[in-house]
Amino acid sequence: MQIYNSLNRRKEEFIPIEPGKIGIYACGVTVYDLCHIGHARSLVVFDVIYRYLKYRGYDVTFVRNFTDIDDKIINRSNERGVSWKALAEQYIDEFYVDMDKLGLLRPTYEPRATDHIEEIINLVRQLEEKGMAYAVDGDVYYRLQRFKGYGKLSGKNIDDLLSGARVEVDDRKESPLDFALWKKSKAGEPSWPSPWGEGRPGWHIECSAMSQKLLGDTFDIHGGGKDLIFPHHENEIAQSEGASGKPLANFWVHNGFVNIDQEKMSKSLGNFLTIRELLEDCHPEVLRFFVVSSHYRSPIDFSTENVTVAATGLERLYQSLDRLLQAASGVTAAASSMDDKIELWRQEFIRAMDDDFNSAAACAVLFDVSKEVNRWLDDSTACQEDKPQAAYRIAQFLREVGATLGLLQEEPQAFLQRSGSADDELAPAAIETLIDERNTARKERNWAEADRIRDLLDEQGIILKDAAEGTRWQRKH
């Protein structure tokens, strides 16, 4: 298995620290608002990595945190006149609503910053004792220039950062680049007792403390969006390695950015899309497929056109799965003449994913399978005796590898016939009635009436598929 390591800027062979076991830490969300499409990409990417490593037989400990105390949370709670804790709890609950719809597996651990104040304080004290941190009037800062490896992840140079520093002047700091580990609380702000007085943790220190507690001083994979490389992950390295003297993570994995109609997503541009808004008009698996059909390190452009392409592609896979299940009706999971072919497909899929979790190439394998399966089902000369059993085995294979991407987990007809949200759409029962009327007209050789019903359904966005096993239908997207 090869993984691109952001630390060394190249793909490297992945060898776990402990054979058969993997520890992953992915930075989670700050819970002050609903999650947006940028969050969705990162969350889906690391969900796929988690799923795939488990599929490959590893015992995976996956940690994804919640930042539940932060300036943004405090400011938002003040705006709304609610407690910071109530606000954080609200958006953690909302987070789960969105993530459950997207089909994310729950991580092994989901630590919250406020549940680890003791570990945070102990880590800050350790840095202070080593001369890597200093206290000023209840605040504690990291002495950045004491850490010789600063910039190794981002490629930034301390001298360049100093010359171009755009930070508020604070005469209490030894350097404008020093960052807060512990913040003295202002009046009315949440606080915890500490050796430096009442205060709260800085943003960067929480991940260092929680990853150290749950995964140890050094673990296998640390990840998040590219926007976290600097300063968050760079500061995490400085804190964790400054305290332990050991590498924080052997591999650093970062997903690419999301643009909206070729523009950077921004509230000021009015193109800020929450997951909740997207799922009003977009099936959750379509959103997942849109994300995984690109390599996780590449930028992706969210647009109506690109999501429609994703929806069409996923429909093709579901149509093939539907045909297989129809052909396999009533059979059980015995061996078949297609098992060797299925194993070849499985190895192609694994080769794609073993190459830096290349889900785009893995999706291409699924499309190749779909194309070959459709030809096989249409081939009247293919062995008929074994065909239902082989169809069942292929369908199970598609479900199996699809699960590593979080795809093909619905019943095909439920996916293809989903009613959507428009009030004026035909209900499934009405569609089935019209199909029955059309079939009656066809039996009576009343082709004009049969064509009229087909055209009527087409105008309503319903596509009919006539096959030996009957007429199937799905909605246009």
*Within the range 47-99, tally of residues that are in contact with a Lys or Arg (Cβ under 7 Å, 6 or more places away or on another chain) and assigned to a helix (DSSP H, G or I)*: 2
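Quick check on this structure: which one of 118, 129, 110 is in the same structural domain as residue 196 (by TED's automatic domain parsing), within 30 Å of residue 290 (Cα to Cα) and acidic (Asp, Glu)? Before the answer, list the steps.
Details: 118 fails: within 30 Å of residue 290 (Cα to Cα); 129 fails: within 30 Å of residue 290 (Cα to Cα).
Going through 118, 129, 110 in turn, the sole match is 110.
Name the residue, out of 140, 169, 136, 124, that is at pLDDT below 95 and among the β-branched types (Val, Ile, Thr). Outline the logic, then answer.
Values: 140 fails: at pLDDT below 95; 136 fails: at pLDDT below 95; 124 fails: at pLDDT below 95.
Only one candidate passes the filter, namely 169.
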*(1) among the aliphatic types (A, V, I, L, M); (2) closer than 22 Å to residue 6 by Cα; (3) part of a strand (DSSP E or B): which one isn't true of residue 238, the others all being true?*
(3)
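On the given criteria, is residue 389 out of contact with any helix residue (DSSP H, G or I) (no Cβ under 9 Å at 6 or more places or on another chain) and outside the structural domain of residue 41 (by TED's automatic domain parsing)?
Yes: the conditions hold for residue 389.
Tally up the residues in the range 202-232 that are part of a strand (DSSP E or B) and either closer than 20 Å to residue 244 by Cβ or not assigned by TED's automatic domain parsing to the domain that holds residue 134 (or both), please.
In the first step, residues of the range 202-232 are kept if they are part of a strand (DSSP E or B); the result is 219-225.
Cutting the leftovers down to either closer than 20 Å to residue 244 by Cβ or not assigned by TED's automatic domain parsing to the domain that holds residue 134 (or both) gives us 219-223.
So the count comes out to 5.
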*Output the number of residues of the range 32-52 satisfying the condition of being over 18 Å from residue 101 (Cα atoms) and in contact with a Ser or Thr (Cβ under 7 Å, 6 or more places away or on another chain).*
1
*Among the residues of the range 186-201, which ones are closer than 30 Å to residue 161 by Cα, assigned to a loop (DSSP other than H, G, I, E, B) and at pLDDT 95 or above?*
196
_Given the condition touching an Asp or Glu at 6+ places or on another chain (Cβ under 6 Å), crowded, with 18+ Cβ neighbours inside 10 Å and assigned to a helix (DSSP H, G or I), answer yes or no: does some residue in the range 271-286 qualify?_
yes
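The values are calculated or read from the model by the stated rules, or taken from the named source; none is laboratory data. What you see is a predicted model, and the numbers here were worked out from it, not measured in a lab. In this analysis, Cβ positions are derived from the backbone assuming ideal geometry, glycine residues included, and neighbour counts consider all displayed protein chains.
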